[in-house]
1. Please calculate how many Å² of accessible area the range 173-319 carries per residue, with a 1.4 Å probe and no DNA, RNA or ligand atoms counted.
2. Separation between the residue 110 and residue 222 pseudo-spin-labels, each 7 Å from Cα along Cα→Cβ, expressed in nm?
3. Dividing the Cα convex hull volume of the range 260-303 by residue count, how many Å³ per residue is that?
4. Could you give the length gained by full extension between residue 319 and residue 89, i.e. 0.36 nm per residue of separation minus their alpha carbon distance, to one decimal place?
5. When the solvent-accessible surface of protein heavy atoms is calculated with a 1.4 angstrom probe, in what order do 27, 192, 275 fall, highest first?
6. Identify which of 237, 282, 184 has the largest mean-square fluctuation in a Gaussian network model of the chain, with springs joining Cα atoms closer than 10 Å.
7. Summarise the accessible area of the range 58-107 (1.4 Å probe, protein heavy atoms) by the percent that is carbon and sulfur.
8. What nm distance separates the two modelled labels at residue 149 and residue 171, each placed 7 Å from Cα along Cα→Cβ?
Amino acid sequence: MRIVVLAGGIGGARFLRGLKRAAPDADVTVIGNTGDDIHLFGLKVCPDLDTVMYTLGGGINEEQGWGRADETFHVKEELTAYGAGPSWFGLGDRDFATHIVRTQMIQAGYPLSAVTEALCDRWKPGVRLIPMTDDRVETHVAVTLDGERKAIHFQEYWVRLRASVPAEAIVPVGAEQAKPAPGVLEAIAEADVVLFPPSNPVVSIGTILAVPGIREAIADADVPVVGLSPIVGGAPVRGMADKVLAAVGVEATAAAVAEHYGSGLLDGWLVDTVDADAVERVEAAGIRCRAVPLMMTDAEAAAAMAREALALAEEVREA
Ligand code: GDP
Ligand code: CA
């Protein structure tokens, strides 16, 4: 079975770990979000690709959900001692090595997709991890700070400001000119199932879908598309997805997120059991919906969610 998953960081990565346990023989292609990428200290950092790679490769800091296990921060301390910022973005010593290798390869002329493949040679995530594009796309957030409206990098909004001011608009800068990375459209065309894990619908999956050709390929492919809600009981399970949903005029409920994707894209949608009353509304929007436990408390819970998603895809296929 060929499965394509569109993934952001933590929610995507933890779901993928469950999917691999639920379908060990499946051929899984992950299309990763690169809108969160940022240049720091001359290095190219790809937080979402790395979270997927480290999580599936066994190198993740489990409690935190991002960054390396067993990490130290000597380089960051030294940079701070020189007054070299930003200090709000946590880059550990082990993590730095990944960004150095990536940046060297990019400077030598390799596209990000080839670099990601090379990094995965070490981590062996057990999936094919492809960035959504080799072109530069950077998510910016329009905010008003000290009475002045400006656009800041997504990481500055998320990590430095912790989404403490309203997001007035979310703009994936460069997306319109970007092309899907090699292999992305082919993987979608050949897929038996496309899954949207419980990743951020706006700044993770929304950004991937903003690369021209990807949304259309998924909508046009004759393949079941099933998503899992990142919103449980009217709030994100972790993080601040409600802030970026508000920016695109979508309420933070499991049903509203399904409607935001729409029946043109989604065939099936899983909501948590606490949101069972949303099932009717989602089905009225033309999307097959089930209420099942959606908390990834451990890898087995994530595997059970993956099995439910694959079962719903099968139901869609047979309908
Ligand atoms: P990020 O790039 O690290 O922010 O990660 P993603 O975009 O992949 O995922 C973030 C989303 O995952 C957030 O909106 C969370 O609500 C959601 N999420 C995290 N853990 C869980 C979980 O256990 N269950 C569900 N349903 N959603 C989760
Ligand atoms: Ca992210």
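The values are calculated or read from the model by the stated rules, or taken from the named source; none is laboratory data. Fair warning: this is a prediction, and the values are worked out from it, not measured in the lab. Cβ atoms come from the backbone with ideal geometry, glycine included; neighbour counts cover every protein chain shown. For the accessible areas, the whole protein counts, side chains as well, though only heavy atoms, and no ligand, DNA or RNA atoms are used. Shrake-Rupley method; radii C 1.70, N 1.55, O 1.52, S 1.80 Å.
1. Result: 40 Å² of accessible area for each residue.
2. So the two model labels end up 3.9 nm from each other.
3. It is 76 Å³ per residue.
4. 78.0 nm
5. Correct descending sequence by accessible area is 27, 192, 275.
6. So, out of 237, 282, 184, the one fluctuating most is 237.
7. Roughly 55 percent of what the probe reaches on the range 58-107 is carbon or sulfur.
8. Computed distance between label sites residue 149 and residue 171 equals 1.1 nm.
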